[in-house]
Amino acid sequence: MPRSLSGRSFLKLLDFSTEEIQYLLELAKDFKRMKRAGTPHKYLAGKNIVLLFEKTSTRTRCSFEVAGNDLGMGVTYLDPGSSQMGKKESLEDTAKVLGRMFDGIEYRGFDQQIVEDLAKHAGVPVWNGLTTDFHPTQMLADVLTIEEHFGHYKGLTMVFMGDARNNVANSLMVVSAKLGINFVACGPKDNMPEKKLVDTCKKIAKENGCTITLTEDVKKGTKNADVIYTDIWVSMGEPDEIWEQRIKLLSPYQVNDAVMKNANPGAIFLHCLPSFHDLETTIGKDIHKKFGLPEMEVTDKVFRSPQSKVFDEAENRMHTIKAVMYATLK
Ligand code: CP
Ligand code: NVA
């Protein structure tokens, strides 16, 4: 049993020990069972939280809102256009004001330093709902989904395909190192995670009996994979002009039938979502018109296949975020 997480912020997984991450996963399983059984769990009634979003969201926002309501808390949402933060009021002042009114603050936005500074000044737990560098709540849902499918996660091999230096890939590398999952970043050399983070993760991985591998070779990279993971090729906050270059660079890393066949029999497919796997989005249509691609980081066929566990993964965002809020606010 790890030391209490009460009063802690959840900013990046590097700040948490293996035991603490395992504890959050166990807690999430308990909450999922309660939710399924219809057992009320308003353990944090009387508390209030605020959700500060400088980028758009479906899953993360809804997870925090539903989880907050299930725990009996009041939930306030501030969208990218409706707070003074950064425009008329400094980050430090905003953090101090919100910390006086709320028991916890969720932040989604840009630099990791912003969420770190919010936590420094708020005086209440701050949760990272995605920054340019990390997306730590996502990984709890990913590992829970892997565990639900395979019955365990230690010793499995997870391969991230594509833009291997984005927030999701960085966080997957960290969580894998912490939990003894072999991690492979499979992408072009210019899209690999930063050396400093790789070195840190390799050290942690060694302690936990797993490996971190970077490769440009799709065949080698996806062989022996139990989990094939990908994310969109251009992340929020990056300029639209970058699409052309990314399509050229990352098309060889698309998750398709050949990739899934090369992985272990029984391998699963995960994606944090949202995904460009068909032409049912305005961006998807636009890219199709400009570059002729009917699907991008994953084919529609793989996305809709029985190997794809993306909707279990999306549901698990809520149960795991509930665990993070409960553990840090109780
Ligand atoms: N996976 C994820 O964070 O989704 P949203 O951007 O919809 O929150
Ligand atoms: N890398 C993506 C993740 C979205 C959940 C982004 O930052 O836009």
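Binning the C-alpha pair distances of region 165-302 at 10 Å intervals from 0 yields a P(r) profile of 11, 41, 35, 12, 1 %, listed from the shortest bin outward.
When the pairs K309/K330; K120/K206; K178/K322; K223/K301; K248/K285 are compared against a 24 Å limit on Cα-Cα distance, K309/K330; K120/K206 fall above it. Judged by the ratio a/c of the largest to the smallest principal axis of the C-alpha gyration tensor, the chain counts as prolate, that ratio being 1.5 or greater while a/b is larger than b/c. The spacing between region 238-299 and region 208-229, judged by their C-alpha centroids, is 19 Å.
Measuring between their Cα centroids, region 48-92 and region 164-201 lie 28 Å from each other.
Working note: 222 nm ellipticity from helices only, DSSP H runs with n ≥ 4, each -39,500 (n - 2.57), summed and divided by the residues of the chain, gives -13500 deg cm²/dmol to the nearest 500.
Within a Cβ distance under 12 Å of F102, other residues only, what is the Lys/Arg minus Asp/Glu net charge? Here the count lands on +1.
Ordered by the number of other Cβ atoms lying within 10 Å of each residue's own Cβ, fewest first, I204, I321 fall into the sequence I204, I321. State whether region 107-189 is rounded, prolate or oblate according to the following rule on the C-alpha gyration tensor (a ≥ b ≥ c being the square roots of its eigenvalues): a/c under 1.5 gives rounded; otherwise a/b larger than b/c gives prolate, and the remaining case gives oblate. Taking the square roots of the gyration eigenvalues as a ≥ b ≥ c, region 107-189 is oblate.
Here the Gaussian network model covers the chain, with springs between Cα atoms less than 10 Å apart; of L273, L51, L172, L273 fluctuates the most. In straight-distance terms, cross-link reach from K47 covers every one of the aspartates and glutamates whose alpha-carbon lies under 15 Å from its own, apart from those fewer than eight places away in the same chain; here that gives E65, D70, D103, E106. For a test of the definition: using alpha carbon positions, the gyration tensor, and the 1.5 limit on a/c, classify region 265-330 as rounded, prolate or oblate. Oblate, because a/c is 1.5 or more while a/b does not exceed b/c. Annotation for region 240-296: GluC sites (Glu not before Pro) lying in DSSP loop with at most 16 further Cβ atoms inside 10 Å of their Cβ are E280. Packing, taken as the mean count of other beta carbons within 10 Å per residue, orders the peptides 228-237, 115-124, 160-169 from highest to lowest as 160-169, 228-237, 115-124.
Since every read-out is calculated from the coordinates, none of them should be taken as a lab result. Only a predicted model underlies this, so the values are computations on that prediction, with no experimental measurement involved. With ideal geometry, Cβ positions are generated from the backbone for all residues, glycine too; neighbour counts draw on all protein chains shown.
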